[in-house]
1. For chain B, what does -39500 (n - 2.57) per DSSP helix run (n ≥ 4), summed and divided by total residues, give at 222 nm, in deg cm²/dmol to the nearest 500?
2. Peptide B:201-210: average number of partner chain Cβ atoms within 10 Å per residue?
3. With +1 on each Lys and Arg Cβ and -1 on each Asp and Glu Cβ, and nothing else charged, work out how big the dipole of the stretch A:51-188 is about its Cα centre, in Debye to the nearest 20.
4. Binning every alpha carbon pair distance of the stretch B:50-164 at 10 Å from zero, what are the percents per bin?
5. Taking each residue in A:105-112, count the Cβ atoms of any other chain within 10 Å of its Cβ, then average. What number comes out?
6. Within the stretch A:108-217, list the chymotrypsin sites (Phe, Trp or Tyr not before Pro) lying in a DSSP loop whose Cβ has at most 16 other Cβ atoms in a 10 Å radius.
7. To test your reading of the geometry: what angle, between 0 and 90 degrees and rounded to tens, separates the Cα axis of helix B:18-31 from the longest principal axis of chain B?
8. Rounded, prolate or oblate for chain A? Axes are the square roots of the Cα gyration tensor eigenvalues, ordered a ≥ b ≥ c, and the cut-off for rounded is a/c under 1.5.
Number of protein chains: 2
Amino acid sequence: MKDKFRVGLIRVLTTGDEELLNLHGKLLMEKYPMLDVESRCIPDQYEGIHSHELEAVAVPKIVELAKTFRDKDMILVSCADDPGVKEIRAALPGMPVTGGGETTAALAVRYGEKIAVLGIVDYTPKAYERMIPDKLVASRPKGVHSTLDLMTPEGRASCLATAMELKEKGADVIALGCTGLTTIGIAKEIEEATGLPVIDPVLALGAFAAFEAAKKDF
Amino acid sequence: MKDKFRVGLIRVLTTGDEELLNLHGKLLMEKYPMLDVESRCIPDQYEGIHSHELEAVAVPKIVELAKTFRDKDMILVSCADDPGVKEIRAALPGMPVTGGGETTAALAVRYGEKIAVLGIVDYTPKAYERMIPDKLVASRPKGVHSTLDLMTPEGRASCLATAMELKEKGADVIALGCTGLTTIGIAKEIEEATGLPVIDPVLALGAFAAFEAAKKDF
């Protein structure tokens, strides 16, 4: 097997828990074995990013962290609102960079014409408004306020109920608008409950990293 | 390593040459090692599909061939116009199915706002008109009439010249509108000549197959 494709994964939730830090990276390596993923988190962001204010605080820290990944083949920002993606591209020209929003939005276009976003905040991740405003039929937070709230039985039940509402609003595909939903591994459960395809943002990041790896030497 | 994801790859160009038959499948397995790809071609389609008439003739043969892939995890149609994709979905409910058009169009949405298609026929592959009509800035054939013409030095030079024209028309990403362009391996050369990202349809198929494999058990 040829050399692996080296990915720097930026976590926007500060944690000292190695297992939580590496959870998305481990999933990526398990599902996409051509990737070698190193995860690092930004400092002092213990609730992640669930408001524009928290995003503004995070972006400079994300760009600084990205610079520590100069030796990688690609940088991924593990967040559905793509914080700092544009800024990293400006700071590191030539480095492939993407985030969990634009990758999920793009994959969703293959699966349906009427895309709904299930997230945790009351604004739609920016990629959807920029890339596919005409396809967006609904965007719904699920009554929690940070990724930490997702890790409860109530959070899980609330996700499934919200997904059913999105289906009733006409969605034919559900895009997960928070990588905290990856952390709780709920995509398959939502697919089974709704019968609709569900796009998980970390798996979407992986698909694009796999594609970048594939096109590197072809 | 867990079991591979079994893909049935439908070639729409009839050939008795095993190497040519398996070329896309081999590329997919090399680039996406979680895939196990078996290639089969439809009968009596020696020029592939480069007109609506040839497509009409091919579709029933594609659906019949797809039925021989019932034991696979996914079926891919290796053609940029997605011939038979809709019909296979109707014939084999529950089977993941996609083609080289809709996958390329979806990935392109991540890479740019102004998408141009470089193909071999004077009509735009149907996925672009259906999925992203507002993002399509140009669609240009390159002066050849079948995938076989691509395999000449003149065919190659003509591709590069056409790609430069598409860039001048404002494209910020180039989608290859013919899997014959994969056969000649020209994506990287076009990227280097134009400085634009280029989406190869077979690699795009692979990215979605890898994504389906990833989401199967997650």
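1. The per-residue figure over chain B is -13500 deg cm²/dmol.
2. 5
3. On the way: 17 positive and 18 negative charges, 58 e Å.
Result for the stretch A:51-188 is approximately 280 debye, rounded to the nearest 20.
4. 13, 38, 34, 14, 1
5. Shielding by partners across A:105-112 averages 6.
6. On the way: sites: A:Y111, A:Y123, A:Y128, A:F208, A:F211; in loops: A:Y123.
Those that pass, being in a loop and sparsely packed, are A:Y123.
7. 90 degrees
8. In terms of gyration-tensor shape, prolate.
FYI, it's all coordinate maths here, none of it is from the lab. Predicted model, so just to flag it, every value in this text is computed and none were measured. For neighbour counting, all protein chains shown are included, and Cβ atoms are generated from backbone atoms with ideal geometry for every residue, glycine included.
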